[in-house]
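The values are calculated or read from the model by the stated rules, or taken from the named source; none is laboratory data. Predicted, not measured: the structure shown is a model, and the values here were computed from it. All Cβ positions, even for glycine, are placed from backbone atoms using ideal geometry, and neighbour counts span all protein chains on display. Ligands, DNA and RNA are excluded from the accessible area calculation, which covers all protein heavy atoms including side chains. Shrake-Rupley method; radii C 1.70, N 1.55, O 1.52, S 1.80 Å.
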Amino acid sequence: MKRIFNLCFAVALLPAWASGQADRLSEPSSPLSYLRWMQTSLPEAPEWTAWQAKTGELPPDFSRLPKSNLLPDPLRFLDGSPVGSAPEDWARRRSEIKQLFERYVTGVFPPKPRISGVATLDEAQGDRHVVRHVRVEFDAPRGKGSVRIRLVIPEGEAGERFPVMVSPSLAGWGAAALRRGYLHAGYAGNDFMDDAAPLKDLYPDYDFATLPRRAWLAQLVVDYLLTLPQVDAERIAINGYSRDGKMALMAAAFDERIAAVVAGSTGVGGVVPWRFAGERGGGEGIETTTRSFPTWFSPRLRYFSGREDRLPVDANLLLALVAPRAALLEWGYNDQVANGWAMEQACLSAKKVYERLGQPEQIGLLAVPGFHGSNDVEASFDFLDGRFGRTSKAWGNRFVFPWDYSRWLSASGEKVDLNRYPLCDASLPLATSQAEWMAKALALRGAVRWMLGDAPPTLAQEPLPFMRGVRPLPGVTEVAKGNVGNPGQLAPDVPAWVIATGGASYGWREPERSAVASRRIRFGDVVGDLFYPVGTPAGKKLPTVVWLHGFHYPLGYMWVYRRDLHPILALTKAGYAVLAYDQSGFGTRWSEVAPFYDRFPRWSRMGKMVEDLREAVSALQRDTLVDAAQVGVYGFAMGGALGLYAAALDERISCVVTIAGFTPMRTDVAQAGMSGMTRYSHLYGLIPRLGLFAGSEPRLPYDYDELLALIAPRPVLVVQPQRDRDADPAEVRAAVRRAQEVYALAGATKNVALLEPDDYGRLTDATQDSAVGWMKRHLGAPAAAPAPPQR
């Protein structure tokens, strides 16, 4: 179901049935109706569909599960009661977390069997080491199971015991482990050699999924290792990367004999929380993972597609199960599978348990340059050496996305007298006359500018006299800022790497990708890419759209695991030129986060983004390809909010589309479970001054209804999915209605519209088609893009 409203002059004219039906959609639906929605609205997942038909299992009753977009607290039980300080209290919480994972994520594990036999397959002497292949056998309810292990045993003194590194492949980290004085045990527990595959049939009464089966098999590897005289039983570590990293973390979480885990770029289901990933994060999420890799996790996990706020567990709790043992979390700065900010949030949450258990130094972070595949094995052993007492050198955790609201508050000295801010009465209109609104708008813009912070002065961007008329050399392309990736990866340029390697999995599909050209432009201290239809005649000026991305930490304006057409291609297909660039702190600009508030304690990162967008509009208006009077913005999630802030302050922005971009702040209180208004201040660190109103949200000097009204009479489309866990659709609708009253005063009633797809917070082809169609009616009249060249 999809509805678009051109809101009428009076609220009473909005059909009552539409409002009531939309409100019901925003509430947890019955399990059966939710299943029907899944079957008609989510992409096909044949394996999951077959499982559901076979078992008849319905979705959980979401109303019985706690709702929170923030990470579940490891030190609170599912019922909300606190975990006491006694050791047995954490033991009970740990048991509860394990049971919840087995229920919703991993499936149920069978009891661990005893080893029934060990066969030595071969043995060879190497340079000061022995390589031995063995097969460890065990009895299962439906037959005999086994696991192949390759041991690399260093030479040592009589009775010497070595720390152990376990890898989920026979070769694994064997060479590095030998260099560093570790015994290495690689076992057949990966996609290319999987001795866990028969477990499904050997244990038919247990529903543990593929990755959990491989993690379970690691227990038998540990059992065997404990029989070897060369093994130091107190210093056994396991590693894994990508999907194997998820597995390694599960193995360490469920087997307390594993003393350390190195979890490399695990993505979701490992160290990246489901709540902070998915479509809003521009990466993989529950829907895409359970569809693309249907056997990795329990099929029940798919029920939480778009309902991650109701999932009782998340990555931070998996990490907490490892405490107080050592855990190293590794990722690449532009790792399309990882999400460094989300991983750091999981680390901070789990660290509360490490601190409770007196071992805060046992959890470590390691960020390295590059995309997925970036890995520093030697540094990982450095971390383990410290945890295993083999070196006295301290390991320092360097957060890439550090943010502490309390620290900012103390350093900045910011404070407000809340009594100076009256309570908002939402029953009153924003204004009753155009003159009243004009006066109020002046004060509101002042309040918005204050909230965004004290921007430093800027220098006008003008070419130096001796550079006027100088053109770039033919064939020379300016390279975006950022870090050089690992050797063997295509380029340090994130967009070029995505376009060249990603294809359909990045929404960069044919034939649209062959119908677009691009060139680099610079504005302020930002480098962006201006895309336009291939074959655009010289001298033709195009209406232009600025694409404003969401919380896409690794890839900036690109996204991954999205087969829906990328907005850049959708907009150029419609005949627009499109400017895309990474927002401050995202993609190639990740390094701008850490020093920002030390340099500008009274500004805000959102203020910096608004400034960048203002500079971008200025650059576009000077560009020979752009119709200076027709520049709009098209934003998703964070980008949707940014577009509203910028357009409220810059009248040159002639049209706005905001998709899943906001929920009214005055009603976004902690109890609502949507992250709270403080998501902007305490969580993301985007607008710190908002945090001064925490607990007094009704006293905020402005809200999104007023931001929308400040854009009047320019056209605005608000797209608010009805199942968006990060917003209250009824409150969004009320905000649009209030803004519409101001549009009516300007005689522009039809210039504000609300699109409410029956969906969660994502940007599908269907929603995008509607949004782009609306934009074509309100931003210029772009000619159809030329046909793509024949291939």
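Looking at segment 254-303 only, could you name the residues that are polar (S, T, N, Q) and part of a loop (DSSP other than H, G, I, E, B)? Those that are polar (S, T, N, Q) and part of a loop (DSSP other than H, G, I, E, B): SER265, THR266, THR295, SER298. In segment 387-419, which residue that is part of a helix (DSSP H, G or I) and of a type in the set (D, E, K, R) is nearest to LEU366 (Cα to Cα)? Only one residue fits best here, namely ARG387. Summed over segment 117-130, residues that are of a type in the set (Val, Ile, Thr) and touching a helix residue (DSSP H, G or I) at 6+ places or on another chain (Cβ under 8 Å) total 1.
The residue list ASP207, ASP201, ASP232 contains one member that is in contact (Cβ under 8 Å) with a residue 12 or more places away in the chain, part of a strand (DSSP E or B) and open to solvent by 10 Å² or more (accessible area, probe 1.4 Å), which is ASP232. Evaluation of LEU178 against the conditions (1) over 22 Å from LEU319 (Cβ atoms); (2) surrounded by fewer than 20 Cβ atoms within 10 Å (Cβ to Cβ) shows that the sole unmet condition is (2). Only one of the numbered conditions (1) free of Cβ contacts under 8 Å to residues at least 40 places away in the same chain; (2) open to solvent by 10 Å² or more (accessible area, probe 1.4 Å); (3) closer than 22 Å to SER374 by Cβ is violated by GLY186, and that is (2). The single condition among (1) touching a residue at least 40 places away in the same chain (Cβ under 8 Å); (2) closer than 22 Å to ALA252 by Cα; (3) assigned to a loop (DSSP other than H, G, I, E, B) that GLU160 does not meet is (2).
If you go through segment 154-167 and keep only what is open to solvent by 10 Å² or more (accessible area, probe 1.4 Å) and not acidic (Asp, Glu), you end up with PRO154, GLY156, ALA158, GLY159, ARG161, PHE162.
Here's the yes/no breakdown for (1) surrounded by fewer than 24 Cβ atoms within 10 Å (Cβ to Cβ); (2) assigned to a helix (DSSP H, G or I); (3) modelled with pLDDT under 95:
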{"position": "ALA735", "(1), (2), (3)": "no, yes, no"}
{"position": "ALA744", "(1), (2), (3)": "yes, yes, no"}
{"position": "LEU763", "(1), (2), (3)": "no, no, no"}
{"position": "ASP769", "(1), (2), (3)": "yes, yes, no"}
{"position": "LYS776", "(1), (2), (3)": "yes, yes, no"}
{"position": "GLY780", "(1), (2), (3)": "yes, no, yes"}
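Rundown of residues vs (1) open to solvent by 10 Å² or more (accessible area, probe 1.4 Å); (2) under 30 Å from LYS200 (Cβ atoms); (3) of a type outside the set (Val, Ile, Thr), yes/no style:
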position: ILE286; (1), (2), (3): no, yes, no
position: SER305; (1), (2), (3): no, yes, yes
position: LEU311; (1), (2), (3): no, yes, yes
position: LEU318; (1), (2), (3): no, yes, yes
position: TRP331; (1), (2), (3): no, no, yes
position: CYS347; (1), (2), (3): no, no, yes
position: ALA350; (1), (2), (3): no, no, yes
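Within the bounds of segment 608-620, is there any residue that is open to solvent by less than 10 Å² (accessible area, probe 1.4 Å) and not in a helix (DSSP H, G or I)? No: segment 608-620 contains no residue that is open to solvent by less than 10 Å² (accessible area, probe 1.4 Å) and not in a helix (DSSP H, G or I). Scanning segment 239-251 for residues that are in contact with an Asp or Glu (Cβ under 9 Å, 6 or more places away or on another chain) and either surrounded by fewer than 21 Cβ atoms within 10 Å (Cβ to Cβ) or not hydroxyl-bearing (Ser, Thr, Tyr) (or both) gives ARG243, ASP244, GLY245. Consider ARG407 carefully, then state whether it is at pLDDT 95 or above, more than 30 Å from SER618 (Cβ to Cβ), open to solvent by 90 Å² or more (accessible area, probe 1.4 Å) and under 28 Å from the mean Cα position of the chain (by Cα). The answer is yes for ARG407.
Scanning segment 692-705 for residues being assigned to a helix (DSSP H, G or I), open to solvent by 10 Å² or more (accessible area, probe 1.4 Å) and not acidic (Asp, Glu) gives a total of 3.
Scan segment 73-86 residue by residue and report those that are exposed (fewer than 14 other Cβ atoms within 10 Å of the Cβ) and either among the hydrophobic types (A, V, I, L, M, F, W, C) or at positive phi (or both). Answer for segment 73-86, where residues must be exposed (fewer than 14 other Cβ atoms within 10 Å of the Cβ) and either among the hydrophobic types (A, V, I, L, M, F, W, C) or at positive phi (or both): GLY80, ALA86. Applying the condition of being closer than 25 Å to GLU287 by Cα and either in a strand (DSSP E or B) or of a type in the set (Gly, Ala, Ser) (or both) to segment 243-253 and asking which residue is nearest to the chain's Cα centre (by Cα) yields GLY245. Is it the case that ASP623 is in contact (Cβ under 8 Å) with a residue 12 or more places away in the chain and within 23 Å of GLY267 (Cα to Cα)? It is false that ASP623 is in contact (Cβ under 8 Å) with a residue 12 or more places away in the chain and within 23 Å of GLY267 (Cα to Cα). In segment 706-722 there is no residue that is outside any strand (DSSP E or B), touching a residue at least 60 places away in the same chain (Cβ under 8 Å), more than 23 Å from LYS750 (Cβ to Cβ) and basic (Lys, Arg). Residues of segment 571-579 include at least one that is buried (at least 24 other Cβ atoms within 10 Å of the Cβ) and either within 23 Å of the chain's Cα centre (by Cα) or more than 21 Å from TYR506 (Cα to Cα) (or both). If the Cβ limit is 9 Å and pairs must be 6+ apart or interchain, which residue in segment 87-111 that is touching a residue at least 60 places away in the same chain (Cβ under 8 Å) and at positive phi pairs with which residue that is among the aliphatic types (A, V, I, L, M) and in a loop (DSSP other than H, G, I, E, B)? What qualifies is GLY107/ALA209.
Select from segment 666-686 the residues that are aliphatic (A, V, I, L, M) and surrounded by fewer than 22 Cβ atoms within 10 Å (Cβ to Cβ) and list them in ascending order. Selection gives VAL669, ALA670, ALA672, LEU683. One residue alone among ALA730, ALA739, ALA712 is open to solvent by less than 10 Å² (accessible area, probe 1.4 Å) and at pLDDT 95 or above, and that residue is ALA739.
Report yes if TRP437 is at pLDDT 95 or above and either open to solvent by 60 Å² or more (accessible area, probe 1.4 Å) or among the polar types (S, T, N, Q) (or both), otherwise no. Judged against the criteria, TRP437 is not a match. All conditions but one from (1) closer than 24 Å to THR288 by Cα; (2) surrounded by fewer than 24 Cβ atoms within 10 Å (Cβ to Cβ); (3) hydroxyl-bearing (Ser, Thr, Tyr) apply to TYR561; the one that does not is (2). Candidates are the residues of segment 636-654 that are assigned to a loop (DSSP other than H, G, I, E, B) and touching a residue at least 60 places away in the same chain (Cβ under 8 Å); the one that is farthest from GLY550 (Cα to Cα) is GLU651. Inspect all residues belonging to segment 197-216 and state whether any of them is in contact with a helix residue (DSSP H, G or I) (Cβ under 8 Å, 6 or more places away or on another chain) and polar (S, T, N, Q). No: zero hits. Looking at VAL657, VAL633, just one residue is open to solvent by less than 10 Å² (accessible area, probe 1.4 Å), at pLDDT 95 or above, closer than 22 Å to ASP728 by Cα and not in a helix (DSSP H, G or I), and that residue is VAL657. Residues considered: TRP603, TRP590. Of these, the only one that is assigned to a loop (DSSP other than H, G, I, E, B), under 25 Å from PHE401 (Cα atoms) and open to solvent by less than 40 Å² (accessible area, probe 1.4 Å) is TRP603.
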